[in-house]
1. Obtain the nm distance between the two label points defined at Met10 and Ala125 by a simple spin-label model: each point lies 7 Å from its Cα along the Cα-to-C-beta direction.
2. Could you tell me the distance between the Cα centroids of region 133-166 and region 2-60, to the nearest Å?
3. So what's the angle, to the nearest 10 degrees on a 0 to 90 scale, between helix 47-64 and the longest Cα principal axis of the chain?
4. Starting from 0.36 nm per residue, how many nanometres of slack lie between Met142 and Ser64 once their C-alpha separation is accounted for?
5. With axes computed from alpha carbons, what is the tilt in degrees of helix 112-174 against the longest principal axis of the chain, rounded to the nearest 10 within 0 to 90?
6. Quick check on packing: order 50-60, 90-100 by the mean number of other C-beta atoms within 10 Å, highest mean leading.
7. Which value results for Rg/Rh of the chain when Rg is the Cα radius of gyration and Rh the Kirkwood radius based on the inverse mean 1/r?
8. Classify region 4-97: rounded, prolate or oblate, from the alpha-carbon gyration tensor (a ≥ b ≥ c, eigenvalue square roots; a/c under 1.5 rounded; otherwise prolate if a/b is larger than b/c)?
Amino acid sequence: TKIDMRARMMFFTYEVRTSDNVKLRLNGNIFWRVRDVKKMIDTSSDPEGEVWQHARSALIQGVSKATLSVFMARFNNITMEAFETQATDGFYAERGVEIISMEVTRYEPVDKKTAEVLQQIMQEATNRINRLQVQNSENDVMAAKLDADNLMEQQRTERIETQSKNQQLQAQMQG
């Protein structure tokens, strides 16, 4: 007799494949709400299930177009593109519901071997970043030393020039 028209949150765990055939488990949530009670009752016996399935389908399609490396670099963008595509396709409006947002909060490879390889890749990337930071620090120290050496040589040059002028003045006074 009563239908809650406030926004609802639904958790999901989907298994998807990237275009390079890596199977991932995506965790996240979908926010949705009822917009038109009459439409919803007339067209759907399970609006929550239909929202879940349609969002799953859109996310699977979005992820399947990207390789694993592209997905890892752009998973927020891929999720948003999938959300925007399915939010505007009319599916939800026909059922009297509205999808508010869809977020991927976690992803992990289903295959243990792939997870180990990804862990190694992330470890190597972290090590590379650390090595770059160490090298940048060393470069900064060397640059500061070069600047100090240049300044010292300029001061030496000025000292020699000053000494030379003083010797000239002394020679003139004696001569």
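1. My value for the distance between the label points is 3.1 nm.
2. Cα centroid to Cα centroid, the span is 66 Å.
3. Taking the Cα atoms of the chain, the angle to 47-64 is about 40 degrees.
4. 23.3 nm
5. Result, in degrees: 20.
6. Ranking the peptides 50-60, 90-100 by packing returns 50-60, 90-100.
7. Using Cα coordinates only, the ratio equals 1.53.
8. prolate
Read the figures in this text as sums done on the coordinates, not as results from a lab. Bear in mind that the values here come from a model prediction, so they are computed numbers and not experimental data. Here Cβ is always computed from backbone atoms with ideal geometry, including for glycine, and neighbour counts include all displayed protein chains.
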